[in-house]
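Peer 1: Mind having a look at this structure? Questions to follow.
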Amino acid sequence: MQSEVDLLIVLHNSKGLLPGLLTSIQKITLPVTIYFLDNNSVDGTPEVVARSIAALPFPAHIMRSRKNNGFARGMNLLAAMSAAEFMFILNPDTELQPGCLELLLERAKSDPGIGICEARQTPREHPKTSDPLTGETSWCSGAAALIRRSAFEQVGGFDEQLFFMYCEDVDLSWKFWLRGWKCVYVRDAVVKHFTQDLMPGKRRVLESYFTFRNSIFLFYRFGDRSQWRVMRGFLLKRFLSSTYSLKSKLLFGIAFIDHIRYIPHLLQTRGIWSGACSWVRFEETSLSH
C-alpha cells in the first residue's frame, strides 16, 4: 500500500537511544516508508539500525554519510530522497506514544492550509502558546513534526547554510507563516522527548553554542526595531548577569564572533522573508529565556 507519510530520522551517535525509538515506531498503524541518515556515527549506530530494519513492519532505508551534516542538511537530504505527500521528521531521542502520527496526519489532512503540525512533548514542552481552538502556534518543534511536502518545497526546506542544529525549526515555521501556511500544535498527539538536560552527565556545549548563535540569526532575518528590546535583553543576560558562568560567557563570545561571517547571507535573504505576521513572536523563542 502506497504510504502518505515518509518518516525521516537523522542519527548521530544515537546507539543508546535506538531501542526505545525503534520499539515505538513499530506501533505506528498507518503505512509509512522510513528513511534513516547516519551522520558519521562512531558508536555503532548504523550497524544497529541495519540489523533492526528487517524487524520493522514498513519499508525502511538507511544511508550513511562520511561527515556530520547536522540536522538541517540531514533532513534536506532525506526529504530529497523521499516522495510522500507528508514527511514526519523525528528526533532519535524520542519515543512515539500510541496514535501520535495518526493524529498528526488526521489534523494535517483536515485543513489544506496547514504546513506543519507538531506533537505535544513530554515530560517537558517549549514555553510557547497556541490557540485553544485551532492549535495554531508561533512555531513547531522539529523533534516530532509532520510537514506537508508542498509547503516545505515552497519555502526551500531548512536553511542548511545557516543552521547546523537548533533554531532551524523556528526559522522554517516562520517562513511557513510568511508564505500563508499554518503551524499547528496537536495536543492529543504525544511524544516522549529525552532532551539533553534530562540526560545525567550530558554535556550541553554544542546546544549552548548553536542556540545562542542561531537565535541571533533569527533576529537578523525576521526582527525589526520593535523587537530590539528582546534582543537587547537576550545579550545582556548572557554576558552580564550572574545566571551564566564565565566559561559559558566565553562560549557565547566565540559564538557571537562566529555569527559575523554569516551576516552577508542574512542580509541578502532578509528581504525575501520580510513581512508582518502576528505569529512571528520572538518572546516565544530562546531569545526571551
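Peer 1: Below 8 Å, C-alpha to C-alpha, sequence gap of six or more: please give me the relative contact order for the chain in percent.
Peer 2: Computed value for the chain: 18 percent relative contact order.
Peer 1: Just need the relative contact order of region 165-289 here, percent rounded to a whole number, with Cα pairs under 8 Å and 6+ apart. Before the final figure, lay out the partial values.
Peer 2: Working: 83 pairs, mean separation 48.9, N = 125.
Contact order relative to length: 39 percent.
Peer 1: Please list 3J(HN,Hα) in residue order for region 219-236, calculated via the Karplus relation 6.51 cos²θ - 1.76 cosθ + 1.60 where θ = phi - 60°; whole Hz, with x for glycine and proline.
Peer 2: With coefficients 6.51, -1.76 and 1.60, one gets 5, 4, 7, 10, x, 8, 4, 5, 9, 4, 4, 5, 5, 4, x, 4, 5, 4 Hz.
Peer 1: Could you sort the peptides 264-272, 79-87, 106-114 by per-residue average Cβ neighbour count (10 Å cutoff), highest mean leading? Can you show the working numbers first?
Peer 2: On the way: 264-272: 12.2, 79-87: 17.0, 106-114: 15.2.
Packing order, densest peptide first, comes out as 79-87, 106-114, 264-272.
Peer 1: Can I ask one more? Taking Cα pairs under 8 Å and at least six residues apart, what relative contact order does region 1-70 come out at, in percent?
Peer 2: Details: 106 pairs, mean separation 26.6, N = 70.
Averaging sequence separation for qualifying contacts and normalising by length gives 38 percent for region 1-70.
Peer 1: Give the accessible surface of the chain per residue, rounded to a whole number of Å², with probe radius 1.4 Å and ligands, DNA and RNA excluded.
Peer 2: In whole numbers, the chain has 47 Å² accessible per residue.
Peer 1: Let me ask you something else. Please give every one of the lysines within straight-line cross-link reach of Lys249, meaning a C-alpha to C-alpha distance under 17 Å, and leave out same-chain neighbours fewer than 8 residues apart.
Peer 2: Lys237
Peer 1: Any chance you could get the radius of gyration and Dmax over the Cα atoms of the chain, in Å?
Peer 2: Both quantities, over Cα of the chain: 18.6, 58 Å.
Peer 1: To continue, here is another question. Within the accessible area of the chain, what % is carbon and sulfur when the probe is 1.4 Å and the other protein chains stay in place?
Peer 2: 56 percent
Peer 1: So how strong a dipole does the chain carry about its Cα centre when Lys and Arg Cβ are +1 and Asp and Glu Cβ are -1, to the nearest 20 debye?
Peer 2: Dipole magnitude for the chain comes out near 1020 debye.
Peer 1: For the chain, with the dipole built from +1 on Lys and Arg beta-carbon atoms and -1 on Asp and Glu ones, taken about the Cα centre, which of Tyr262, Gln121, Thr45 lies farthest toward the positive end?
Peer 2: Tyr262
Peer 1: Rank Leu251, Leu218, Leu37 by mean-square fluctuation in a GNM of the chain with C-alpha springs under 10 angstrom and give only the top-ranked residue.
Peer 2: Leu251
Peer 1: Let me ask something additional. What residue among Cys277, Cys140, Cys167 shows peak mean-square fluctuation when the chain is described by a Gaussian network model with Cα springs under 10 Å?
Peer 2: Residue with maximal mean-square fluctuation among Cys277, Cys140, Cys167: Cys277.
Peer 1: What's the long-distance tail for region 25-131, i.e. % of Cα pairs beyond 25 Å?
Peer 2: Cα-Cα pairs of region 25-131 separated by over 25 Å account for 28 percent.
Peer 1: Suppose the chain between Arg187 and Thr243 were pulled fully straight at 0.36 nm per residue; how much longer would it get relative to their current alpha carbon spacing? Walk me through the numbers on the way to the answer.
Peer 2: Numbers: separation 56, 0.36 × 56 = 20.16 nm, distance 3.23 nm.
Value of the extension gain: 16.9 nm.
Peer 1: How charged is the neighbourhood of Phe164? Take every other residue with its Cβ under 12 Å from the Cβ of Phe164, and add Lys/Arg as +1 and Asp/Glu as -1.
Peer 2: Local net charge: -2.
Peer 1: Right, here's the next one. Using a Förster radius of 25 Å, what is the FRET efficiency between Arg232 and Thr134 based on their Cβ-Cβ separation? Nearest 0.05, please.
Peer 2: Efficiency, from the Cβ-Cβ distance: 0.15.
The values are calculated or read from the model by the stated rules, or taken from the named source; none is laboratory data. Since the structure is predicted, the reported quantities are computational estimates derived from the model, not experimental observations. Don't worry about glycine lacking a Cβ; one is built from the backbone with ideal geometry, like all the others, and counts go over all protein chains shown. Heavy atoms of the whole protein, side chains included, go into the accessibility calculation; ligands, DNA and RNA do not. Shrake-Rupley method; radii C 1.70, N 1.55, O 1.52, S 1.80 Å.
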